[in-house]
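Data first, discussion second: the structure below is written as structure tokens.
We did not get these values from a lab; they are worked out from the coordinates using the rules stated. Remember, predicted model here, so these are calculated numbers, not experimental data. So basically every Cβ, Gly included, is an ideal-geometry build from the backbone, and we count neighbours across all protein chains shown.
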DNA sequence: TATTGTTATACTCTATAACTATA
DNA sequence: TATAGTTATAGAGTATAACAATA
């Protein structure tokens, strides 16, 4: 339980710190940053709405809201899918990519300062390893958007 | 950065899981659980408002809101401080303590399932150690409520 | 019938600024 | 002058349920 409580507190403190940086430097929230970063991580910068929602543990309606905000800001566009006419594909725009590039250096700095300041290399390796395996396993759990209503 | 992203994702997934459990079993949010747990952690179950706000990285007005909710629910009371008449002290009620006791077993179960399922003892120890030191250092940073307005 | 996405809606929460009272 | 706490307010975000369109 000590590990759990510490993990939650560290996560929250870190989120507060990066949230402020992202707001100041890019005018976006952490969730919006996650959406952009998730898209940027794809080879072609495009994903289906539902796939984004699943990765970020969001309801689909919540993602629709955020996608609308990001589209208004010109950071992504939505277009119909070619293979499945029910689907909408979200595509990162050049501005969206620019914003990420512009915001990332300071973002990395904040993370370094807040999280890694006093950690040595082995600590970081161990943390990355442990927490990376955790994430992979947790991702395997049934996705959020697939949950049946009660 | 891999460690950072994984840490954030694990934290968010975990928070979603426990939040649902707390809502279902106790009718409280995670923040409210944190407030109650913070008080229960004190020998006499009492703390000043500002001290609670600092520990939980909250604005004071945000804590006022949550304290009002919890007081309405009968889980804590607020009373004037004896030594400093500016201060308000928050005190856990018996119902508040009962709720924690009632909610905690299932809470521990969720954490065990979601977080520790496939981790062996050394993994847990290492994680607790790393993340515990991190928290201690991050706590040493200047508190949230002390930030001067721009 | 199941899945994808949006909309309408209602609610929770958070922070900023202004204010009161005490140190 | 600084600190403790509250209030008023406004905004951001979230989810549930109902819906339309497609598989």
(request) Mind giving me the nanometre distance, one decimal, between the label points for residue B:97 and residue B:71, set 7 Å out from Cα along Cα→Cβ? (result) 2.1 nm
(message) Quick check: the angle from helix A:121-139's long axis to the longest principal axis of chain A, C-alpha only, nearest 10 degrees?
(response) 40 degrees
(request) Kindly express, to the nearest 10 degrees and within the range 0 to 90, the angle between helix B:94-111's C-alpha long axis and the longest C-alpha principal axis of chain B. (result) 10 degrees
(request) Identify, for chain B, the residue whose C-beta comes nearest the rotation axis onto chain A, and round that distance to whole Å. (result) B:11, 2
(request) Could you tell me the distance between the Cα centroids of the stretch B:1-36 and the stretch B:77-141, to the nearest Å? (result) 12 Å
(message) With the label 7 angstrom out along Cα to Cβ, how close does residue B:141 come to the same site in each of the other copies, in nm, nearest first?
(response) 2.7
(request) With label points built 7 Å along Cα→Cβ from the Cα atoms of residue B:109 and residue A:1, find their separation and express it in nm. (result) 1.6 nm
(request) Determine the shielding of peptide B:118-129 by partner chains: average, over its residues, the number of Cβ atoms on other chains within 10 angstrom of each Cβ. (result) 4
(message) Calculate the FRET efficiency for residue A:19 and residue B:82 from the Cβ-Cβ distance with a Förster distance of 41 Å, rounded to the nearest 0.05.
(response) 0.65
(request) Before anything else, pin down the relative contact order of chain B: Cα pairs under 8 Å, at least 6 apart, normalised by residue count, whole percent. (result) 27 percent
(request) Could you compute the FRET efficiency for residue B:136 and residue B:64, with r as their C-beta to C-beta distance and R0 at 25 Å, rounded to 0.05? (result) 0.35
(request) Answer rounded, prolate or oblate for the protein assembly as shown, using the Cα gyration tensor with square roots of eigenvalues a ≥ b ≥ c: rounded when a/c is under 1.5, else prolate when a/b is larger than b/c, else oblate. (result) prolate
(message) Please compute the average number of Cβ atoms from other chains found within 10 Å of each residue's Cβ in peptide B:14-20.
(response) 3
(request) Pick out which of A:83, A:51, A:24 has the largest mean-square fluctuation in a Gaussian network model of chain A, springs linking Cα atoms closer than 10 Å. (result) A:83
(request) Work out the FRET efficiency for residue B:121 and residue A:37 from their Cβ-Cβ distance, taking R0 = 41 Å, and round it to the nearest 0.05. (result) 0.75
(request) Beta carbons within 10 angstrom, averaged per residue: use that to sort the peptides A:107-115, B:26-34, highest first. (result) B:26-34, A:107-115
(message) Report the per residue volume, in Å³, of the convex hull enclosing the C-alpha atoms of chain B.
(response) 148 Å³
(message) To test your reading of the geometry: what angle, between 0 and 90 degrees and rounded to tens, separates the Cα axis of helix A:60-72 from the longest principal axis of chain A?
(response) 80 degrees
(request) Compare the peptides B:119-130, A:9-20 by average per-residue count of other Cβ atoms within 10 angstrom and give them in order, highest first. (result) A:9-20, B:119-130
